[in-house]
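The values are calculated or read from the model by the stated rules, or taken from the named source; none is laboratory data. Worth saying up front: this structure is predicted, and the values here are computed from it rather than measured. Every residue, glycine among them, receives a Cβ derived from its backbone with ideal geometry; neighbour counts consider all protein chains shown.
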Amino acid sequence: MRAQPPDNAVETESLVKVYRGRRGPPKTALDNIDLRIPRGSFFGLLGPNGAGKSTFINILAGLALKTSGTVKVWGRDIDQDQRGARAAIGVVPQELNLDPFFTPHELLEVQAGMYGVPAGERRTARILEAVGLADKANAYARTLSGGMRRRLLVAKAMVHSPPVLVLDEPTAGVDIALRQQLWEYVKGLNARGTTILLTTHYLEEAEQLCDRVAIIDRGKVVACDTTGALLRRLDSKTLTVTVDRDLDELPAALAAFAPEMRPERRLVFAFKPSVSPVGRILAAVQEAGLTVVDLSTEETDLEDIFLQLTRAARDSG
Ligand code: ADP
């Protein structure tokens, strides 16, 4: 009989990790993390460097020991069913480390062996096909491009068909075309039911891919919501407009938007897209009798969002 799949692919309760080095004070990397990652979701774990993302992932994957709390992967408690929990998760690491003398085919076979996948159930050729590496099956890893290596690492994490796939900052330093390719593949996996946990510090990436996002900062979850709800909460952008002439003072038509006047005829608008769409700001610029020579918009980046979300905590603490 097959067990029912769990509602949550990953579930942690009061998860704490304290690093105790020989020197220096203990460091609390995870401070009571309660997180539920629904089965089938494409879940983004966002946070600045040092927030605790890698620690969290390493604990899920059985690569680091928690200090306290409970962790379930695919309904399997990592203390009570360590093997079951590990079998349910595949991790695509950050580094592109691959043994240069293994071919993709060999690498996947070795990995399948490590996970105890019987020879008859291995899907090496199919997986290589799926990540677009079928024609490189027997090439040495050192001859593969960066993008191919990245895809090979995704393939490696998939050999035991885990229902949960973790991607740790997978596109840091990956060019746009390869990034797209990788996302198409991962989106396909997600569409076919694999739960994806992605860590990144690119909000835009999370925005495009993830249906749910948790933001962690200094070991604590500071926000966890659907991506849409979170972005609405973090609704802010910057628009820089270069106009055709010098301004001594702010035209009345623009007063409501309170732009900052900068040298070289630039006006910088901080705005909430949900309240003032760009079009309305540009219309006001025109109404003020100005011609737009150049313009650019900037998303709020994650660092800003952290400041927004954690400022109150920092101020009071
Ligand atoms: P992130 O992946 O979000 O950058 P990490 O999980 O790597 O964050 O780190 C969280 C915190 O724990 C950081 O303050 C980091 O310095 C500390 N840390 C991580 N690994 C160790 C370790 N092995 N020993 C001591 N401190 C560590």
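Structure summary
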read-out: Helices (runs of 4 or more DSSP H) (entirely within the range 196-305) containing at least 1 residues that are touching a residue at least 12 places away in the same chain (Cβ under 8 Å) and acidic (Asp, Glu); value: 203-209, 278-287
read-out: Residue that is out of contact with any helix residue (DSSP H, G or I) (no Cβ under 7 Å at 6 or more places or on another chain) and at pLDDT 85 or above, where the choices are Glu184, Glu95, Glu109; value: Glu184
read-out: Which numbered condition Arg76 fails, given (1) of a type in the set (D, E, K, R); (2) within 20 Å of His160 (Cβ to Cβ); (3) touching a strand residue (DSSP E or B) at 6+ places or on another chain (Cβ under 9 Å); value: (3)
read-out: Filter result for Lys72 (surrounded by 21 or more Cβ atoms within 10 Å (Cβ to Cβ) and either outside the structural domain of Leu167 (by TED's automatic domain parsing) or within 16 Å of the ligand (Cβ to nearest atom) (or both)); value: no
read-out: Enumeration of residues in the range 1-59 that are surrounded by fewer than 16 Cβ atoms within 10 Å (Cβ to Cβ), among the basic types (Lys, Arg) and assigned by TED's automatic domain parsing to the domain that holds Gly75; value: Arg20, Arg22, Arg23, Lys27
read-out: Filter result (surrounded by 15 or more Cβ atoms within 10 Å (Cβ to Cβ) and over 29 Å from Arg212 (Cβ atoms)) within the range 229-246; value: Thr240, Val241, Thr242, Val243
read-out: Qualifying residue in the range 117-127 (condition: crowded, with 17+ Cβ neighbours inside 10 Å, without any contact (Cβ under 8 Å) to a residue 60 or more places away in the chain, within 25 Å of the chain's Cα centre (by Cα) and not assigned by TED's automatic domain parsing to the domain that holds Leu178); value: yes
read-out: Near pairs, Cβ below 7 angstrom, 6+ apart or cross-chain, from the range 36-50 (over 11 Å from Thr199 (Cα atoms) and modelled with pLDDT under 95) to any residue that is of a type in the set (Asp, Glu) and away from the ligand (no atom under 16 Å from the Cβ); value: none
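Conditions tested, residue by residue: (1) under 19 Å from the mean Cα position of the chain (by Cα); (2) among the aromatic types (Phe, Trp, Tyr); (3) over 27 Å from Gly52 (Cα atoms); (4) surrounded by fewer than 20 Cβ atoms within 10 Å (Cβ to Cβ).
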position	(1), (2), (3), (4)
Ala139	no, no, yes, yes
Leu153	yes, no, no, no
Lys156	no, no, no, no
Leu167	yes, no, no, no
Gly188	yes, no, yes, yes
Ile196	yes, no, no, no
Tyr202	yes, yes, no, yes
Ala206	yes, no, no, no
